[in-house]
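See below for the structure under consideration.
The values are calculated or read from the model by the stated rules, or taken from the named source; none is laboratory data. Note that this is a predicted model, so its numbers are computed, not measured. Cβ sites come from the backbone with ideal geometry, for glycine too, and all protein chains shown count toward neighbours. All accessible areas refer to the heavy atoms of the entire protein, side chains included, with ligands and DNA or RNA removed. Shrake-Rupley method; radii C 1.70, N 1.55, O 1.52, S 1.80 Å.
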Amino acid sequence: MSDETRPSRTAAVIPAAGRGVRLGPGAPKALRALNGTPMLIHAVRAMAASRSVSLVVVVAPPDEASSAEVKTLLADHALPERTDFVVVPGGESRQESVKLGLDALPPGIDVVLVHDAARPLVPVDTVDAVIEAVREGAPAVVPALPLADTVKQVEESRADGGPELVVATPERARLRAVQTPQGFDRGTLVRAHETVTDNVTDDASMVEQLGEPVVVVPGHEEAFKVTRPLDLVLAEAVLARRRANDGF
Ligand code: C5P
């Protein structure tokens, strides 16, 4: 088949190797339950809900026991049959974990989503909008929302522990809070991970550093990141609302 006629195949990489210390003591964050189901399973289902996603690669905490636990979890929960699932051990940083997930992708995948296990409730329409924008030619796509809060930039932390000094107030209307899944042309993302060594907090910023364009599609309020204890309460409320609305 020529490049134009070959169908595009999409995989999702889910870095789930973080400890989630901000949530307080307990199991690794991705394995915490939301309404009785581990957050990671919600995140995996959110990716597999897209008919375009044919493979989900879960990056587990690096120790053997965690990888085994994640494999058992995937086997024990109902997941769509049309989707393949692979588990690989993660690394010290999120970046390293994503790289290890990319290394596990088979040939034939040309669109890659990277999705935080910590965003278990992203709706399928958001996932599909990201994939669509990559298929239409964007090398990198991020779902994002405008900010409610005004954001201040402060000086680098002071050695004397004194109050932080505000150095700038970026124009709020031009700021976006970026979520996941972020979507990429596979070759571009692999090149970014081979080239950029700075510490980053998302994958799209690595593509920015290559000088390639990154475009925004509308994010969703339910794609928030479960970071602090109050986020667990909010996530369970969202699930209860879904159940009440459509018997989810
Ligand atoms: O720490 P943060 O909330 O930014 O983590 C975002 C995502 O990256 C989480 O899903 C977490 O499990 C994952 N992560 C990882 N490997 C690490 C650190 C974080 O897969 N070493």
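The table that follows gives values for the structure above.
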read-out	value
Subset of the range 188-237 (residues that are in contact (Cβ under 8 Å) with a residue 60 or more places away in the chain, closer than 19 Å to LEU102 by Cα and small (Gly, Ala, Ser))	ALA204
Options GLY90, GLY26: the member that is within 16 Å of the ligand (Cβ to nearest atom), touching a helix residue (DSSP H, G or I) at 6+ places or on another chain (Cβ under 9 Å) and either over 24 Å from HIS220 (Cα atoms) or at pLDDT 95 or above (or both)	GLY90
Matching residues in the range 132-151 - criterion: being of a type in the set (A, V, I, L, M, F, W, C) and either surrounded by fewer than 24 Cβ atoms within 10 Å (Cβ to Cβ) or modelled with pLDDT under 95 (or both)	ALA133, ALA138, ALA144, LEU145, LEU147, ALA148, VAL151
Test result for ALA30, part of a loop (DSSP other than H, G, I, E, B) and not acidic (Asp, Glu)	no
Any hit, the range 109-123, residues being more than 16 Å from the ligand (Cβ to nearest atom) and assigned to a strand (DSSP E or B)	yes
Sole residue being of a type in the set (A, V, I, L, M) and under 19 Å from ILE14 (Cβ atoms), chosen from VAL167, VAL154, VAL190	VAL190
Candidates VAL141, VAL58, filtered to the one that is more than 14 Å from the ligand (Cβ to nearest atom) and under 17 Å from the mean Cα position of the chain (by Cα)	VAL141
Selection status of ARG119, in contact (Cβ under 8 Å) with a residue 40 or more places away in the chain, touching a Phe, Trp or Tyr at 6+ places or on another chain (Cβ under 8 Å) and either surrounded by 21 or more Cβ atoms within 10 Å (Cβ to Cβ) or not β-branched (Val, Ile, Thr) (or both)	yes
Qualifying residue in the range 61-76 (condition: of a type in the set (S, T, N, Q), assigned to a helix (DSSP H, G or I) and away from the ligand (no atom under 14 Å from the Cβ))	yes
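Yes/no matrix, rows are residues, columns are (1) of a type in the set (Asp, Glu); (2) touching a residue at least 24 places away in the same chain (Cβ under 8 Å); (3) open to solvent by 10 Å² or more (accessible area, probe 1.4 Å); (4) in contact with a Gly (Cβ under 9 Å, 6 or more places away or on another chain):
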position	(1), (2), (3), (4)
ALA33	no, no, yes, no
GLU69	yes, yes, yes, no
LEU73	no, yes, yes, no
ASP76	yes, no, yes, no
